[in-house]
Amino acid sequence: MNTFQPLPKALSCGIIEDNGRILFRVFQDEHGINRVETPCVLVLSGESITAKLKAKLSEILENNVEIGEPIAEFFYNAGSRKKKNLIPCVVFKIQTFGRIEVRKKSEFRWLRIEETKDMRKTKESEWLNRFMRK
(Lines give C-alpha, C1' and ligand atoms only; values in the text may rest on other atoms or scores of the structure.)
Protein backbone atom coordinates (compact mmCIF):
# COMPACT_ATOMS: atom_id res chain seq x y z
CA MET A 1 0.00 0.00 0.00
CA ASN A 2 1.38 3.39 -0.98
CA THR A 3 1.49 6.00 1.74
CA PHE A 4 0.86 9.65 1.06
CA GLN A 5 3.96 11.80 1.01
CA PRO A 6 3.42 15.53 1.35
CA LEU A 7 4.38 17.53 -1.71
CA PRO A 8 7.08 20.16 -1.34
CA LYS A 9 5.99 23.79 -1.54
CA ALA A 10 9.29 25.19 -2.84
CA LEU A 11 12.92 24.49 -3.72
CA SER A 12 15.35 26.74 -1.89
CA CYS A 13 18.85 27.13 -3.40
CA GLY A 14 21.89 29.10 -2.37
CA ILE A 15 24.82 30.60 -4.25
CA ILE A 16 28.03 31.01 -2.27
CA GLU A 17 30.33 33.29 -4.23
CA ASP A 18 33.98 34.14 -3.66
CA ASN A 19 36.07 36.18 -6.11
CA GLY A 20 33.76 35.42 -9.06
CA ARG A 21 33.66 31.69 -8.35
CA ILE A 22 30.75 29.71 -6.93
CA LEU A 23 30.88 26.74 -4.57
CA PHE A 24 29.58 23.58 -6.29
CA ARG A 25 29.32 19.99 -5.15
CA VAL A 26 30.90 17.83 -7.85
CA PHE A 27 30.25 14.08 -7.57
CA GLN A 28 29.66 10.89 -9.52
CA ASP A 29 26.12 9.53 -9.49
CA GLU A 30 25.13 5.85 -9.41
CA HIS A 31 25.55 5.61 -13.20
CA GLY A 32 29.13 6.92 -13.15
CA ILE A 33 28.20 10.34 -14.57
CA ASN A 34 29.88 13.42 -13.14
CA ARG A 35 27.26 15.84 -11.83
CA VAL A 36 27.34 19.31 -10.36
CA GLU A 37 24.93 20.97 -7.93
CA THR A 38 24.56 23.94 -5.63
CA PRO A 39 23.30 23.66 -2.05
CA CYS A 40 19.53 23.23 -2.21
CA VAL A 41 16.66 21.81 -0.16
CA LEU A 42 13.04 20.91 -0.83
CA VAL A 43 10.80 22.78 1.59
CA LEU A 44 7.53 21.28 2.80
CA SER A 45 4.44 23.22 3.81
CA GLY A 46 4.89 24.83 7.22
CA GLU A 47 8.69 24.93 7.03
CA SER A 48 10.73 28.09 6.67
CA ILE A 49 12.40 28.42 3.28
CA THR A 50 15.45 30.23 4.70
CA ALA A 51 15.82 28.28 7.95
CA LYS A 52 15.95 24.94 6.14
CA LEU A 53 18.54 26.28 3.65
CA LYS A 54 20.62 27.70 6.52
CA ALA A 55 20.59 24.29 8.24
CA LYS A 56 21.80 22.65 5.00
CA LEU A 57 24.56 25.24 4.64
CA SER A 58 25.74 24.64 8.21
CA GLU A 59 26.40 21.01 7.19
CA ILE A 60 28.60 22.22 4.32
CA LEU A 61 30.37 25.27 5.76
CA GLU A 62 32.08 25.86 9.07
CA ASN A 63 31.41 29.61 8.82
CA ASN A 64 28.41 31.52 10.02
CA VAL A 65 26.25 32.30 7.04
CA GLU A 66 23.48 34.73 6.40
CA ILE A 67 20.79 34.21 3.80
CA GLY A 68 20.76 37.30 1.59
CA GLU A 69 18.15 38.55 -0.80
CA PRO A 70 16.66 36.34 -3.51
CA ILE A 71 18.56 36.84 -6.76
CA ALA A 72 16.44 34.66 -9.05
CA GLU A 73 13.19 32.72 -9.12
CA PHE A 74 12.32 29.86 -11.43
CA PHE A 75 9.92 26.94 -11.49
CA TYR A 76 11.01 23.43 -10.54
CA ASN A 77 9.20 20.22 -11.50
CA ALA A 78 8.92 18.31 -8.23
CA GLY A 79 6.86 15.64 -9.98
CA SER A 80 7.68 13.41 -12.92
CA ARG A 81 7.70 14.03 -16.66
CA LYS A 82 4.17 12.70 -16.97
CA LYS A 83 2.72 14.20 -13.79
CA LYS A 84 4.25 17.64 -13.46
CA ASN A 85 4.14 19.44 -10.13
CA LEU A 86 5.65 22.86 -10.69
CA ILE A 87 6.77 24.65 -7.53
CA PRO A 88 8.77 27.86 -7.10
CA CYS A 89 12.55 27.62 -7.02
CA VAL A 90 14.05 30.56 -5.11
CA VAL A 91 17.79 31.22 -5.41
CA PHE A 92 19.38 33.17 -2.55
CA LYS A 93 22.74 34.90 -2.38
CA ILE A 94 24.58 33.54 0.65
CA GLN A 95 26.79 35.89 2.65
CA THR A 96 29.62 34.44 4.71
CA PHE A 97 31.76 36.06 7.36
CA GLY A 98 35.52 35.71 7.28
CA ARG A 99 37.42 33.06 5.36
CA ILE A 100 35.15 30.39 3.87
CA GLU A 101 35.89 26.94 5.30
CA VAL A 102 34.25 23.92 3.61
CA ARG A 103 33.77 20.77 5.72
CA LYS A 104 34.03 18.15 2.94
CA LYS A 105 36.69 19.66 0.71
CA SER A 106 36.90 16.57 -1.50
CA GLU A 107 33.25 16.92 -2.61
CA PHE A 108 33.13 20.68 -3.19
CA ARG A 109 34.97 22.82 -5.72
CA TRP A 110 35.09 26.50 -6.54
CA LEU A 111 34.15 26.96 -10.21
CA ARG A 112 33.18 29.83 -12.43
CA ILE A 113 29.62 29.51 -13.65
CA GLU A 114 30.85 29.33 -17.25
CA GLU A 115 32.87 26.21 -16.37
CA THR A 116 29.69 24.35 -15.44
CA LYS A 117 27.97 25.10 -18.74
CA ASP A 118 28.83 21.72 -20.28
CA MET A 119 28.64 19.73 -17.03
CA ARG A 120 25.54 17.71 -16.17
CA LYS A 121 23.44 19.11 -13.36
CA THR A 122 21.29 17.30 -10.82
CA LYS A 123 17.52 17.68 -11.21
CA GLU A 124 17.49 20.21 -8.36
CA SER A 125 20.21 22.29 -10.05
CA GLU A 126 18.80 22.43 -13.58
CA TRP A 127 17.83 26.05 -12.89
CA LEU A 128 21.52 26.87 -13.46
CA ASN A 129 21.00 26.45 -17.21
CA ARG A 130 18.35 29.18 -17.18
CA PHE A 131 20.42 31.30 -14.79
CA MET A 132 23.39 31.25 -17.20
CA ARG A 133 21.20 32.56 -20.04
CA LYS A 134 20.34 35.73 -18.09
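The values are calculated or read from the model by the stated rules, or taken from the named source; none is laboratory data. Worth saying up front: this structure is predicted, and the values here are computed from it rather than measured. All Cβ positions, glycine included, derive from the backbone under ideal geometry; neighbour counts span all protein chains shown. For the accessible areas, the whole protein counts, side chains as well, though only heavy atoms, and no ligand, DNA or RNA atoms are used. Shrake-Rupley method; radii C 1.70, N 1.55, O 1.52, S 1.80 Å.
Using the Cβ-Cβ distance between LEU111 and ASN77 with R0 set to 25 Å, the FRET efficiency works out to roughly 0.50.
Separation of the range 1-55 from the range 79-134 is 8 Å, based on Cα centroids. Surface listing: ILE16, ILE67 arranged by accessible area from highest to lowest gives ILE67, ILE16, probe 1.4 Å. Of the chymotrypsin sites (Phe, Trp or Tyr not before Pro) found in the range 44-134, those in coil by DSSP whose Cβ has at most 11 other Cβ atoms within 10 Å are PHE97.
Accessible surface computed residue by residue for the chain, with neighbouring protein chains in place and a 1.4 Å probe, gives 64 Å² per residue.
Isolated cysteines in the chain, defined as those with no second cysteine Cβ under 4.7 Å, comprise CYS89.
Listed by chain and number, the lysines whose alpha-carbon sits under 18 Å from that of LYS93, ignoring those within fewer than 8 places in the same chain, are LYS52, LYS54, LYS56, LYS134.
Modelled this way, with points 7 Å down the Cα-to-C-beta line, the labels at ILE33 and GLN5 are 2.0 nm from one another.
Taking every DSSP beta bridge that has both ends in the chain, the antiparallel portion is near 75%. In the range 1-84, the portion of solvent-accessible area held by carbon and sulfur atoms comes to 48 percent [1.4 Å probe, whole percent, DNA, RNA and ligands not counted]. What range in the chain is the longest one free of GluC sites (Glu not before Pro) that are in a loop by DSSP and have at most 16 other Cβ atoms within 10 angstrom? Counting at most 16 other Cβ atoms within 10 Å as exposed, the longest clean stretch of the chain is 63-100.
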